[in-house]
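Novice: Mind having a look at this structure? Questions to follow.
The values are calculated or read from the model by the stated rules, or taken from the named source; none is laboratory data. Here the structure is a predicted model, which is why all the values come from computation and not from measurement. Note that we place each Cβ from the backbone using ideal geometry, even for glycine, and neighbour counts take in every protein chain shown. Heads up: the accessible areas ignore ligands, DNA and RNA and are worked out on the full protein's heavy atoms, side chains in. Shrake-Rupley method; radii C 1.70, N 1.55, O 1.52, S 1.80 Å.
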Amino acid sequence: QVQLVESGGGLVQAGGSLRLSCAASGGTFSTYGMGWFRQAPGEEREVVAGINWSSASRYYADSMKGRFTISRDNAKNTLYLQMDNVKSDDTAVYYCAAARSGGPITTTVRVDYWGQGTQVTVSS
């Protein structure tokens with residue numbers, strides 16, 4: 001059973017930066033497609049970014065392009081999300097996700113494993 005544990009969330013001022021991490025265990029991380037999702041109160045969970053097993057292919061939701069960067073370190077079984085120039089609309093619980101297929105995750109339908117989430121709050 002794959003376990004995903006997010007860390008790095010917290011309170012950040014608008015315009016600031018934050019880096020989220022997701023540590024994976026119990027599976028073959030280097031073969032999984034990975035992604036980050038977020039869910040604000042009262043809203044549906046939405047994709048933030050996805051990355052394929054080799055980092056050769058990355059996907060970003062339109063509102064995150066140019067501000068967020070997804071990356072992975074297969075040697076450390078860790079997924080990252082660098083968040084720059086954050087806005088109040090970025091306030092949400094951020095979830096790490098894994099898919100046994102190796103392509104970048106772009107929808108919740110493809111997710112096989114979820115992390116428990118980490119809260120990001122952006123103050124204006």
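Novice: Name every residue in the stretch 18-35 that is open to solvent by 10 Å² or more (accessible area, probe 1.4 Å), on the phi < 0 side of the Ramachandran plot and either of a type outside the set (F, W, Y) or without any contact (Cβ under 8 Å) to a residue 24 or more places away in the chain (or both), in order of residue number.
Specialist: Residues of the stretch 18-35 open to solvent by 10 Å² or more (accessible area, probe 1.4 Å): 18-19, 21, 23-28, 30-32.
Cutting the leftovers down to on the phi < 0 side of the Ramachandran plot gives us 18-19, 21, 23-25, 27-28, 30-32.
Residues satisfying the conditions are L18, R19, S21, A23, A24, S25, G27, T28, S30, T31.
Novice: Count, please, the residues in the stretch 94-122 that happen to be open to solvent by less than 40 Å² (accessible area, probe 1.4 Å) and over 14 Å from the mean Cα position of the chain (by Cα). Lay out the reasoning, then the answer.
Specialist: Going residue by residue through the stretch 94-122, those that are open to solvent by less than 40 Å² (accessible area, probe 1.4 Å) are 94-99, 102-105, 111, 113, 115, 117-118, 120, 122.
Still in the list and also over 14 Å from the mean Cα position of the chain (by Cα): 102-103, 122.
Residues that pass the stated criteria total 3.
Novice: Then there's this: When you look at S30, is it over 12 Å from A99 (Cα atoms), out of contact with any Leu (no Cβ under 9 Å at 6 or more places or on another chain) and among the polar types (S, T, N, Q), yes or no?
Specialist: On the way: over 12 Å from A99 (Cα atoms): no; out of contact with any Leu (no Cβ under 9 Å at 6 or more places or on another chain): yes; among the polar types (S, T, N, Q): yes.
Answer is no for this residue.
Novice: Follow-up question, since we're still on this one. Please work out if R67 is surrounded by 14 or more Cβ atoms within 10 Å (Cβ to Cβ), among the basic types (K, R) and touching a residue at least 24 places away in the same chain (Cβ under 8 Å).
Specialist: Working: surrounded by 14 or more Cβ atoms within 10 Å (Cβ to Cβ): yes; among the basic types (K, R): yes; touching a residue at least 24 places away in the same chain (Cβ under 8 Å): no.
Here the answer is no, as R67 does not meet what is asked.
Novice: Please enumerate the residues belonging to the stretch 1-36 that are among the aliphatic types (A, V, I, L, M), over 21 Å from W53 (Cβ atoms) and in a loop (DSSP other than H, G, I, E, B).
Specialist: Step one: list which residues in the stretch 1-36 are among the aliphatic types (A, V, I, L, M), which gives 2, 4-5, 11-12, 14, 18, 20, 23-24, 34.
Narrowing the set further to residues that are over 21 Å from W53 (Cβ atoms) leaves 11-12, 14, 18.
The one that is among the aliphatic types (A, V, I, L, M), over 21 Å from W53 (Cβ atoms) and in a loop (DSSP other than H, G, I, E, B): A14.
Novice: Find all pairs meeting these conditions: Cβ atoms under 9 angstrom apart; at least six residues apart or on different chains; first residue within the stretch 5-17 and farther than 16 Å from T69 by Cα; second residue acidic (D, E) and open to solvent by less than 40 Å² (accessible area, probe 1.4 Å).
Specialist: V12/D90; A14/D90
Novice: Only one of R58, R38 is under 17 Å from Y113 (Cα atoms) and either surrounded by 13 or more Cβ atoms within 10 Å (Cβ to Cβ) or among the small types (G, A, S) (or both); which?
Specialist: Result: R38 is the single residue among R58, R38 that is under 17 Å from Y113 (Cα atoms) and either surrounded by 13 or more Cβ atoms within 10 Å (Cβ to Cβ) or among the small types (G, A, S) (or both).
Novice: OK, next. Are there any pairs, at least 6 apart or on different chains, whose C-beta atoms fall under 7 Å, with the first in the stretch 102-116 and in contact (Cβ under 8 Å) with a residue 40 or more places away in the chain and the second open to solvent by 60 Å² or more (accessible area, probe 1.4 Å) and of a type outside the set (S, T, Y), and if so, which?
Specialist: Pairs that qualify, where the first residue is in contact (Cβ under 8 Å) with a residue 40 or more places away in the chain and the partner is open to solvent by 60 Å² or more (accessible area, probe 1.4 Å) and of a type outside the set (S, T, Y), are G102/W53; P104/R58; T108/R45; D112/R100; G115/V5.
Novice: Also: Among the residues in the stretch 101-124, are any in contact with a Ser or Thr (Cβ under 9 Å, 6 or more places away or on another chain), modelled with pLDDT under 95, in a loop (DSSP other than H, G, I, E, B) and farther than 23 Å from Q3 by Cβ?
Specialist: yes
Novice: Same structure again: For I51, all conditions in the list (1) open to solvent by 60 Å² or more (accessible area, probe 1.4 Å); (2) touching a residue at least 40 places away in the same chain (Cβ under 8 Å); (3) over 13 Å from G117 (Cα atoms) hold save one; what is the number of the exception?
Specialist: (1)
Novice: If you don't mind, another one. Given the structure, is E46 of a type in the set (D, E), surrounded by 13 or more Cβ atoms within 10 Å (Cβ to Cβ) and touching a residue at least 60 places away in the same chain (Cβ under 8 Å)?
Specialist: Values: of a type in the set (D, E): yes; surrounded by 13 or more Cβ atoms within 10 Å (Cβ to Cβ): yes; touching a residue at least 60 places away in the same chain (Cβ under 8 Å): no.
In short, no.
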